[in-house]
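All remarks here apply to the structure that follows.
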Amino acid sequence: MLAFIHHHYPKKLSLDEIAGAASVGKREALRCFQACMQKTPFEYLMEYRIEMSKKLLKDSEETVMEIAMATGFSSAAYYGKVFREACKMTPGAYRKESRRER
């Protein structure tokens with residue numbers, strides 16, 4: 001399931017798709033994932049998207065909007081909200097700070 005999420009994170013994913021990748025039902029996928037990762041597949045997916053976006057913020061010249069779309073967020077506003085909750089700063093502030101550290 002992790003490999004499937006890592007490969008398909010930019011796309012809109014459903015629990016059916018994630019479970020199907022492991023050839024199990026939705027309930028079994030959810031139970032197994034939570035037992036192993038201590039979070040739901042969607043919590044993990046959001047964390048993974050944020051981590052991938054942080055790499056792009058550091059290493060690319062793409063706009064925040066382009067990064068939001070490239071990492072599977074439905075809008076720049078939603079991406080900014082999720083990023084702020086996870087990182088306690090805006091994507092722009094993160095980019096500025098990470099480049100200052102170079």
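Rule-based calculations on the coordinates, nothing more; no lab input. On a predicted model such as this, the values are computed, not experimentally measured, just so you know. FYI the Cβ positions are ideal-geometry reconstructions off the backbone, even for glycines, and counts take in every protein chain you see.
Leu56: net charge of surrounding residues, Cβ under 11 Å, Lys/Arg +1, Asp/Glu -1, itself excluded? Spell out each step's value before the answer.
Working: positive: Arg49, Lys54, Lys55, Lys58, Arg95; negative: Glu51, Asp59, Glu61, Glu62, Glu66.
Neighbour charge sum, excluding Leu56 itself: 0.
Could you work out the helix-only [θ] at 222 nm for the chain, with each DSSP H run of four or more residues adding -39,500 (n - 2.57) and the total divided by the number of residues, to the nearest 500 deg cm²/dmol?
Details: 7 runs with 74 residues, N = 102.
Value at 222 nm, helices only: -21500 deg cm²/dmol.
How far is helix 41-59 tilted, in degrees, relative to the longest principal axis of the Cα atoms in the chain, given as a value from 0 to 90 rounded to the nearest 10?
30 degrees
With bins 10 Å wide starting at 0, give me the P(r) of the chain over every alpha carbon pair, in whole percents.
16, 43, 27, 13, 1
Determine the sum of side-chain charges near Asp16: Lys and Arg each +1, Asp and Glu each -1, restricted to other residues whose C-beta is under 14 angstrom from that of Asp16. Provide the component values of the computation, followed by the final result.
On the way: positive: Lys11, Lys12, Lys26, Arg27; negative: Glu17, Glu28.
Spelling it out: positives minus negatives among the neighbours equals +2.
Compute the acute angle (0 to 90°) between the alpha-carbon long axis of helix 91-100 and the principal axis of greatest extent of the alpha-carbon atoms of the chain; round to the nearest 10°.
That works out to roughly 60 degrees.
Going toward the positive end of the dipole of the chain, with +1 on Lys and Arg Cβ and -1 on Asp and Glu Cβ, which of Cys87, Met46, Ala22 do you reach last?
Cys87
Starting from the Cα of Lys58, step 7 Å along the direction of its Cβ; do the same at Gln38; then give the gap between the two resulting points in nm.
2.4 nm
Once phi is turned into ³J(HN,Hα) by the Karplus curve 6.51 cos²θ - 1.76 cosθ + 1.60 with θ = phi - 60°, what whole-Hz value does each residue of region 21-33 show in order, with x for glycine and proline?
5, 9, 6, 9, x, 4, 4, 5, 4, 5, 4, 5, 4
Percent relative contact order of region 2-100, based on C-alpha pairs within less than 8 angstrom and at least six residues apart?
Across region 2-100, relative contact order equals 24 percent.
What does the charge dipole of region 2-100 about its Cα centre add up to, to the nearest 20 debye, if the Cβ of each Lys and Arg holds +1 and the Cβ of each Asp and Glu holds -1? Please list the in-between numbers first.
Values: 17 positive and 12 negative charges, 63 e Å.
For region 2-100, the charge dipole is close to 300 debye.
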